[in-house]
1. Name the residues in region 162-185 that are buried (at least 18 other Cβ atoms within 10 Å of the Cβ), farther than 25 Å from Leu239 by Cα and not hydroxyl-bearing (Ser, Thr, Tyr), would you?
2. Within the set of pairs 6 or more residues apart or between chains, which connect a residue that is surrounded by fewer than 21 Cβ atoms within 10 Å (Cβ to Cβ) inside region 186-206 to a residue that is at pLDDT below 90 and among the acidic types (Asp, Glu) with Cβ atoms less than 6 Å apart?
3. Tell me yes or no: at least one residue of region 70-79 is part of a loop (DSSP other than H, G, I, E, B) and either more than 27 Å from Arg175 (Cα to Cα) or aliphatic (A, V, I, L, M) (or both).
4. Tell me which residues, restricted to region 262-276, are at pLDDT below 75 and either in contact with a helix residue (DSSP H, G or I) (Cβ under 8 Å, 6 or more places away or on another chain) or open to solvent by 30 Å² or more (accessible area, probe 1.4 Å) (or both).
5. Scan region 85-93 and tell me whether some residue there is over 30 Å from Pro156 (Cα atoms), hydrophobic (A, V, I, L, M, F, W, C), at pLDDT 85 or above and open to solvent by less than 70 Å² (accessible area, probe 1.4 Å).
6. If only one of Ser233, Ser221 is touching a Pro at 6+ places or on another chain (Cβ under 9 Å), among the hydroxyl-bearing types (Ser, Thr, Tyr) and surrounded by 15 or more Cβ atoms within 10 Å (Cβ to Cβ), which one is it?
7. Considering every residue within region 112-130, establish whether at least one is under 23 Å from Val225 (Cα atoms) and modelled with pLDDT under 50.
8. Out of all the residues in region 1-9, is one or more part of a loop (DSSP other than H, G, I, E, B), at pLDDT below 90 and surrounded by 12 or more Cβ atoms within 10 Å (Cβ to Cβ)?
Amino acid sequence: AYVDCRKVSPEASPEGAVRVACLGGISTSWILGMQEKNPGTEIVLLDRGWCRDCSAGQGEQYPAQAALQETQALLGEAGLAPPQLPRIEFRPLPPTGRPLEIPNAVTEERLPRRGFFTRAVHKAAHAFGEASAGISASQPCRGSNVVPFGHGRIIPAERLKRARALATIAHLHHRPISPRCVPQIEISWQCRNHRVCASVCPTRALQKYEADDQNGVRFDSVLCVDCRRCEQSCPEGALRFHQFGRRPFMIGHSPLTAHAVKVCIQCEEEFSGTDGDRCPACSKNDELLRNGHLM
């Protein structure tokens, strides 16, 4: 499956090649998405030798190099052998054939009026279906099939696409999803279940949860956007953020803490997150009384 620059004439591109406006705009999730949709197919990015002098290439010799290297590392952990990994192939063309402007993709394919509108309707319906469905129900993921898009303020679209593609590819090769593609959080025994971390999370990657006999916080690495508000806001300093994951994970919210729900022997209110038989409010009042008596 070849990926070629749109400045290359259609006649000079391999048959069936995916033609993009600029290979510098290709992201890791885009290459992973191509690999997900074309399992068993080698993805080849074509280097025409034009990038260095192209205004769109910003002087880079090959602008997709960084995204390609990251993709190769992730796919290697997902089970692809080196010969199967996406790669660059150098197929130079004479500089005299490079147009100054990037051709519009619409001009490359002339359709009759009816065909144009038919295709537009199909594309719109497909896009709407993907947006409504979130992660496919056939995907090997845990939790809801609909991705919870936080508070509606921040949507980590790049990470969602990357994790979805890696989940499918890793499943085909019977591998866990690489922890390199998402951050992870650890919470120590010092946690007192204030759950401030979940309250300040802008994407609801961290959520409060309630169960019959316990409660705490749960975490979805894919929704995390590395803002680190959770780590900064923890009163006990019990939360540690890791930019790169250290262990395999599953898509969906997983519990990080589980505190037993107890009834205070003094006020008979339910509480959790502290040792002893008294809730935090009663324990604090008792401490104030003892300190006042000693004074």
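The values are calculated or read from the model by the stated rules, or taken from the named source; none is laboratory data. Keep in mind the model is a prediction, meaning the values are calculated, not measured. Cβ sites come from the backbone with ideal geometry, for glycine too, and all protein chains shown count toward neighbours. For accessibility, only protein heavy atoms count, side chains too; no ligands or nucleic acids. Shrake-Rupley method; radii C 1.70, N 1.55, O 1.52, S 1.80 Å.
1. Arg162, Arg164, Ala165, Leu166, Ala167, Ile169, Ala170
2. Short answer, once both residue conditions are applied: Gln190/Glu236; Arg192/Glu236.
3. Checked against the condition, which is being part of a loop (DSSP other than H, G, I, E, B) and either more than 27 Å from Arg175 (Cα to Cα) or aliphatic (A, V, I, L, M) (or both), region 70-79 yields at least one hit.
4. Result: Glu268, Glu269, Glu270, Phe271, Gly273, Thr274, Asp275, Gly276.
5. yes
6. Going through Ser233, Ser221 in turn, the sole match is Ser221.
7. Yes: region 112-130 contains one or more residues that are under 23 Å from Val225 (Cα atoms) and modelled with pLDDT under 50.
8. Narrowing region 1-9 to residues part of a loop (DSSP other than H, G, I, E, B): 1, 6-9.
Retained after the next criterion (residues that are at pLDDT below 90): none.
Looking for residues that are part of a loop (DSSP other than H, G, I, E, B), at pLDDT below 90 and surrounded by 12 or more Cβ atoms within 10 Å (Cβ to Cβ), one finds none in region 1-9, hence no.
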